[in-house]
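J.: Sharing a structure, written as structure tokens. Questions coming.
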Amino acid sequence: MTTNGSSEPLEFVNGGSEEALSSWQNGDEGVVVSVEEDSRFGIRLQELGALPDARIRMLLSGSPIVIQIEDGRFCIRSEDADKIRVRRLPGVRTG
Amino acid sequence: MTTETSDITPASDAGIGSRIPGVAFLGNPNTGKTTLFNALTGMRQRVGNYPGVTVERKAGRLKLSETLEAELLDLPGLYSLAAASPDELIAVDVLLGRIDGEPSVKAAVCVVDASNLQRNLFLLSQVMELGLPTVVALNMSDVAASRGISIDVDHLQKLLGVPVVLTRANKGEGLEDLRTTIRNVLDRPGTAEPDPARLPTFPAEFAAAVDSLVYEIGGGDAARVSRTGVGRAILDRDGLFEKRLLEMNRSGASGALQSVRSSLAQSLEIAESDLAGVEIRIRHGWARGLIQACVQRPDTLVQTASDRIDRWLTHPLFGFALFMGVMGLVFQALYAWADPLIGSIEALFSLTGNVVGAYMSPGPLQSLVVDGVIGGAGSVLVFVPQIAILFLFLALLEDCGYMARSAFLMDRILAKCGLSGKSFIPLMSSFACAVPGIMATRSIDDRRTRMVTILIAPLMSCSARLPVYVIMISAFIPQQSYLGGLVGLQGLVLLAMYCVGAATALPVAWVLNRLLDRREAAPFILELPSYKIPDIRTVLLRVYQSCASFITRAGSIILAAAIVLWALAYYPRIEPAAMGTTAGGAATPSHIVASQQLAGSYIGQAGHFIEPAVRPLGWDWRIGVAAIASFPAREVVISTLGTLFSLGDGVDESSEELRAALSKATWPDGRPLFTAVTALSLMVFFALCAQCLATLAVIKRETGSWLWPAVTFGYMTTLAYVCALLVYQIGTRLAGGGFL
């Protein structure tokens with residue numbers, strides 16, 4: 001697990017704490033913290049825009065899952081969802 | 001691919017010299033690229049394969065003025081030049097001018113989805129770095145507007161430094177602008193060349209690393225991979241460019257690559273695994289800068305109409321039920337709509353055969369023309385209705401965006417045996433006919449998944465097996481029923497035959513998945529595009545191109561083999577005089593002549609030769625002949641049995657005479673030849689065997705190699721033989737013990 005080269009500790013002023021995307025329910029929304037880079041999946045997802053602070057939403061949890069990253073909707077497998085670390089934004093949980 | 005010189009497909013030699021400039025047409029998937037391409041080139045397209053690979057090549061002529069034409073090359077949709085799949089690698093190779101026989105690319109048109117600017121600009125930055133004159137076609141601005149995104153196009157054009165043309169492919173808007181812009185770019189070399197100062201800025205260490213690797217491996221080898229390729233090899237660990245570099249320069253490249261990578265990582269003070277990440281962040285940072293300068297958009301994630309539709313269409317219960325309904329409709333259409341068309345094609349060819357035959361004197365030439373050429377051409381064209389109907393549905397579902405949802409719904413089940421959701425449609429189509437099913441695997445981007453899907457598709461019980469099942473069941477399976485007539489034994493056996501293939505396919509897929517090379521596995525990331533109204537031109541062109549490519553590519557192989565098989569059944573000729581013994585000197589009836597001719601032909605001799613091998617299946621040499629003669633197509637077994645049992649070849653599966661003749665057939669010692677167990681053994685054999693030339697030809701066409709049809713034929717024939725053997729041996733023992 002790399003943290004995208006950023007060395008500052010994961011402390012955020014208002015937001016929730018960092019968690020795996022796979023723990024999210026339908027409608028949960030927040031931002032990407034990091035994506036595991038040491039895999040083709042991680043590289044491709046970052047190319048698609050899953051960079052730190054990109055907005056992300058769980059559209060359909062389960063397996064496979066559907067997520068929204070910025071303006072794109074993607075279906076990925078739940079084991080890959082473990083490779084995405086996310087953080088909820090305050091007060092945005094709608095699920 | 002770079003070393004391929006001899007194998008130039010017919011499609012790629014049409015560039016006719018270098019005078020017609022090539023224009024690469026590329027972009028992310030789901031940007032409306034194909035719709036735009038079709039609108040620009042219309043019917044002036046050719047579809048083929050790139051030499052030696054399974055990637056589809058599509059090119060079209062674009063008329064720019066009275067005197068100037070361009071060859072527009074529709075590249076596979078791609079997210080990044082860091083090629084993750086063979087499709088993407090081909091796109092990069094075309095852009096770099098690395099494919100022999102391709103017109104040299106003078107300009108690139110990058111189709112950009114206005115509603116997904118961030119990641120589309122990511123690809124654009126990579127394309128512009130190649131230095132080709134670049135035109136941006138900013139498409140789908142209506143979708144962007146509906147999401148509250150507004151783009152200052154003039155400002156974007158100024159910041160990019162290359163022409164930006166606003167297009168709306170679905171409405172045909174912006175086509176003339178795009179055409180004029182392409183013409184201007186080609187007319188005046190030097191315009192629209194990207195200015196490096198406007199591109200993402202990388203640390204100087206990147207270029208230095210490329211320089212030092214080029215120096216290490218030598219200028220010649222480096223030139224063959226190109227500077228862009230060397231750069232990609234450094235950044236993408238285990239990527240396709242690294243593989244290519246190592247294949248080319250085994251001795252030194254591996255060590256040189258390692259040391260260049262580690263010193264680059266050291267000088268940037270990052271982990272080696274983070275090199276690709278640095279590139280990605282720099283490009284996305286550049287894209288974000290452009291978006292901040294030119295785009296106004298809502299701050300929060302937008303819920304679109306597509307999202308609301310998806311709540312229903314991807315729903316675990318409702319979505320699944322609807323999906324089954326859609327599939328049922330497709331399946332029904334493949335059976336019901338195609339049937340009358342197939343019937344009329346067959347009737348037309350049999351009529352043509354009779355008419356032509358009547359004008360020719362009997363003999364080898366007449367038989368060759370009527371049975372070999374006309375019969376063979378007919379056996380190619382009977383597939384066209386099912387291919388056309390299947391691709392009509394596939395193109396509609398694909399173009400409206402539903403295909404991605406169906407892959408999502410089926411992925412959970414298919415992933416368990418190493419397939420993916422994208423395998424479902426090809427496999428389901430194969431229940432009608434494996435030929436269009438295998439052609440439909442093109443939408444699977446992972447090479448291994450696609451191979452496994454192609455190899456197991458012929459196991460699905462196609463419509464050509466039905467005649468075999470029908471005659472065997474109606475003649476030899478007793479009409480018993482259970483549960484007060486609700487369930488019949490005959491129906492159960494038919495259902496079992498359909499299940500045998502599918503049930504065998506899953507473990508076969510599991511095994512193949514472990515045997516095939518897994519290094520090039522593409523990650524499973526499936527984009528769910530916004531729903532839209534399908535573009536009729538795109539749909540119809542797809543249907544037309546699928547039919548045309550089947551007829552020209554697979555059709556020629558099928559026709560050639562049909563003629564060879566005709567010759568094997570026609571020669572050596574047996575003089576009618578030599579047959580006198582059977583009919584006691586009286587004029588021998590023609591069906592007896594035909595029966596004896598077939599028995600004495602090369603195929604008949606082969607049947608006698610293999611009799612020891614098929615005896616344990618409960619078959620005599622006649623069934624062996626019928627099995628061999630059905631190599632072109634399974635349903636041929638019926639007419640061959642008809643000929644062999646002296647009924648003439650005009651029988652079909654509903655023929656009472658054939659049923660009676662089969663029931664009366666005996667072994668030389670007087671035992672009945674066919675029992676329920678023999679019938680089951682024959683049915684299981686036909687459920688699992690690869691007796692279909694069209695399927696093998698289309699596998700060759702889709703994989704570009706004879707290896708895969710050979711593998712398919714080998715494993716399916718082995719499977720069919722072993723299972724038929726088990727059925728017969730176990731069946732006769734159970735019957736002997738009084739269980740049946």
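No lab work stands behind these numbers, since they all come straight from the coordinates. In this text, all values refer to a predicted model and were calculated from it rather than measured experimentally. Here the Cβ is made from the backbone with ideal geometry for all residues, glycine too, and neighbour counts use every protein chain on show.
J.: Amide H to amide H, which residues 5 or more places from B:ALA633 or on other chains are under 5 Å from it, using H placed in the peptide plane?
T.: B:LEU693
J.: Select from B:LEU40, B:ALA661, B:PHE383 the residue farthest towards the positive end of the dipole of chain B; place +1 on Cβ of Lys and Arg, -1 on Cβ of Asp and Glu, and compute about the Cα centre.
T.: Ranked along the dipole, the leading option is B:ALA661.
J.: Taking neighbour counts of Cβ atoms within 10 Å as a proxy for exposure, in what order, fewest first, do B:LYS171, B:LYS158, B:LYS422 appear?
T.: Ascending number of Cβ neighbours within 10 Å: B:LYS171, B:LYS158, B:LYS422.
J.: Averaged over A:52-60, how many beta carbons belonging to a partner chain fall within 10 Å of each residue's beta carbon?
T.: Mean partner-chain Cβ count within 10 Å for A:52-60: 3.
J.: Have a look at the DSSP beta bridges in chain B and tell me what percent are antiparallel, nearest 5.
T.: Bridges in chain B are about 50 percent antiparallel.
J.: Pull up the DSSP beta bridges for the protein assembly as shown and report the antiparallel fraction as a percent, rounded to 5.
T.: 70
J.: Moving to a separate point now. Where Lys and Arg each count +1 and Asp and Glu each count -1, what net charge lies around B:HIS608 among other residues with Cβ under 14 Å from its Cβ?
T.: 0
J.: Can you list the HN-Hα couplings for the stretch B:343-360, worked out from phi with the Karplus curve (6.51, -1.76, 1.60; θ = phi - 60°), rounded to whole Hz and with x for Gly and Pro?
T.: Taking θ as phi minus 60°, the curve returns x, 6, 5, 4, 4, 4, 6, 5, 5, 4, x, 5, 5, 4, x, 5, 8, 10 Hz for the stretch B:343-360.
J.: State, as an integer percentage, the relative contact order of chain B based on alpha-carbon contacts under 8 Å between residues 6 or more apart.
T.: Relative CO of chain B lands at 10 percent.
J.: May I ask you to evaluate 6.51 cos²θ - 1.76 cosθ + 1.60, the Karplus curve with θ = phi - 60°, for each residue of the stretch B:536-552 and list the ³J(HN,Hα) values in order in whole Hz, giving x for glycine and proline?
T.: With the stated coefficients, the stretch B:536-552 comes to 4, 4, 4, 5, 5, 4, 5, 4, 4, 5, 5, 5, 5, 6, 5, 5, 6 Hz.
J.: Restricting things to alpha carbons, tell me how big the stretch B:394-433 is in terms of Rg and Dmax, in Å.
T.: Every Cα atom of the stretch B:394-433 included, Rg and Dmax give 10.3, 29 Å.
J.: Restricting to lysine pairs 8 or more places apart or on different chains, what number in the protein assembly as shown have Cα atoms under 24 Å apart?
T.: For the protein assembly as shown, qualifying lysine pairs total 20.
J.: Name the residue from B:GLY289, B:ALA222, B:LEU329 whose Cα lies farthest towards the positive end of the charge dipole of chain B, charges +1 on Cβ of Lys and Arg and -1 on Cβ of Asp and Glu.
T.: Checking the options against the dipole of chain B, the answer is B:LEU329.
J.: Work out, step by step, the length gained on full extension between B:ILE309 and B:HIS608: first 0.36 nm times the residue separation, then minus their alpha carbon distance; give nm to one decimal.
T.: Gain on stretching B:ILE309 to B:HIS608: 101.4 nm.
J.: Still on this structure, please answer the following. What spacing in nm lies between the two simple spin-label points modelled at B:SER150 and B:THR666, each 7 Å away from Cα in the Cβ direction?
T.: 9.4
J.: Here is a follow-up. Can you list, bin by bin at 5 Å, the percent of alpha carbon pairs in the stretch B:15-198, starting at 0?
T.: 1, 8, 18, 23, 22, 16, 8, 3, 1, 0
J.: Now, a different point. Could you calculate the contour length gain from B:PHE320 to B:ASP187, that is, 0.36 nm times the residue separation minus the distance between their Cα atoms, to one decimal place in nm?
T.: Additional length available on full extension: 42.5 nm.
J.: In peptide B:205-213, how many Cβ atoms from other protein chains are near each Cβ within 10 Å, on average?
T.: Across the residues of B:205-213, the mean count of other-chain Cβ atoms within 10 Å is 0.
J.: Using Cβ contacts closer than 10 Å as the measure, can you line up B:THR695, B:THR352 from fewest to most?
T.: B:THR352, B:THR695
J.: Express the relative contact order of the stretch B:294-428 as a whole percentage, based on alpha carbon pairs under 8 Å and six or more residues apart in sequence.
T.: Normalised by residue count, the contact order of the stretch B:294-428 is 22 percent.
J.: Another question, if that's okay. Write out the GluC sites (Glu not before Pro) in the stretch B:59-134 meeting two conditions: DSSP loop, and at most 12 other Cβ atoms within 10 Å of their Cβ.
T.: B:GLU66
J.: From the phi angles alone, apply the Karplus equation (6.51, -1.76, 1.60; θ = phi - 60°) to the stretch B:465-479 and give each ³J(HN,Hα) in whole Hz, x where the residue is Gly or Pro.
T.: Listing the rounded values in order: 7, 4, x, 5, 4, 4, 6, 5, 5, 5, 8, 10, 9, x, 7 Hz.
J.: Find the relative contact order for the stretch B:109-248 and round it to a whole percent, using C-alpha pairs within less than 8 Å whose residues are 6+ positions apart.
T.: 20
J.: So if I place +1 on the C-beta of Lys and Arg and -1 on the C-beta of Asp and Glu, and nothing else carries charge, what would the dipole magnitude of chain B be about its Cα centre? I want it in debye, nearest 20.
T.: 680
J.: Summing +1 for each Lys or Arg and -1 for each Asp or Glu, what net charge is found among the other residues whose Cβ lies under 14 Å from the Cβ of B:PHE318?
T.: Combined, the nearby Lys, Arg, Asp and Glu give +2.
J.: Assigning unit charges at the beta carbon (Lys, Arg +1; Asp, Glu -1) and nothing else, what dipole magnitude in debye, to the nearest 20, does the stretch B:204-275 show about its Cα centre?
T.: So the dipole magnitude of the stretch B:204-275 works out to roughly 320 debye.
J.: How do A:GLU29, B:GLU279 rank when sorted from fewest to most other Cβ atoms within 10 Å of their own Cβ?
T.: Final ranking by Cβ density, sparse to dense: A:GLU29, B:GLU279.
J.: Using modelled amide H (1.01 Å from N, peptide plane; none on Pro or chain starts), what sits under 5 Å from the amide H of B:ARG57, excluding residues fewer than 5 places away?
T.: Those qualifying (amide H under 5 Å, at least 5 residues apart or on another chain) are B:GLY48, B:ASN49, B:TYR50.
J.: Out of all DSSP beta bridges with both ends in the stretch B:15-198, state the antiparallel percent to the nearest 5.
T.: 40
J.: Which one of B:VAL677, A:GLY27, A:GLN68 is farthest out on the positive end of the charge dipole of the protein assembly as shown, using unit charges on Cβ (Lys, Arg +1; Asp, Glu -1) and the Cα centre as origin?
T.: Checking the options against the dipole of the protein assembly as shown, the answer is B:VAL677.
J.: Amide H neighbours of B:VAL135 under 5 Å, at least 5 residues apart or on other chains, H built in the peptide plane: list them.
T.: Distant-sequence amide H within range of B:VAL135: B:ALA108, B:VAL109, B:CYS110.
J.: Please give me the summed charge of the neighbours of B:PRO200: other residues whose Cβ is under 12 Å from its Cβ, Lys and Arg +1, Asp and Glu -1.
T.: Combined, the nearby Lys, Arg, Asp and Glu give +2.
J.: With only Lys, Arg, Asp and Glu charged, each at its Cβ (+1 for the first two, -1 for the last two), find how big the charge dipole of the stretch A:13-88 is about the Cα centre; round to the nearest 20 debye.
T.: Around 180 debye, computed over the stretch A:13-88.
J.: Can you pull the mean other chain C-beta count within 10 Å for peptide B:293-305?
T.: Partner-chain Cβ atoms within 10 Å, mean over residues of B:293-305: 2.
J.: How would the protein assembly as shown be classified by its alpha-carbon gyration tensor: rounded, prolate or oblate, with rounded meaning a/c under 1.5 and the a/b versus b/c comparison settling the rest?
T.: Here the protein assembly as shown falls in the prolate category.
J.: Another question, then. Send over the Kirkwood Rh of the stretch B:344-469, from the inverse of the averaged 1/r over different Cα pairs, rounded to one decimal Å.
T.: Over the stretch B:344-469, the inverse of the mean reciprocal pair distance is 16.7 Å.
J.: Out of every Cα pair in the stretch B:204-275, what percent are spaced more than 21 Å from each other?
T.: Pairs farther apart than 21 Å: 14 percent.
J.: Which value in deg cm²/dmol, rounded to the nearest 500, describes the helix-derived mean residue ellipticity at 222 nm for the protein assembly as shown, given -39,500 (n - 2.57) per DSSP H run of n ≥ 4 and division by the residue count?
T.: Taken over the protein assembly as shown, the calculation gives -16000 deg cm²/dmol.
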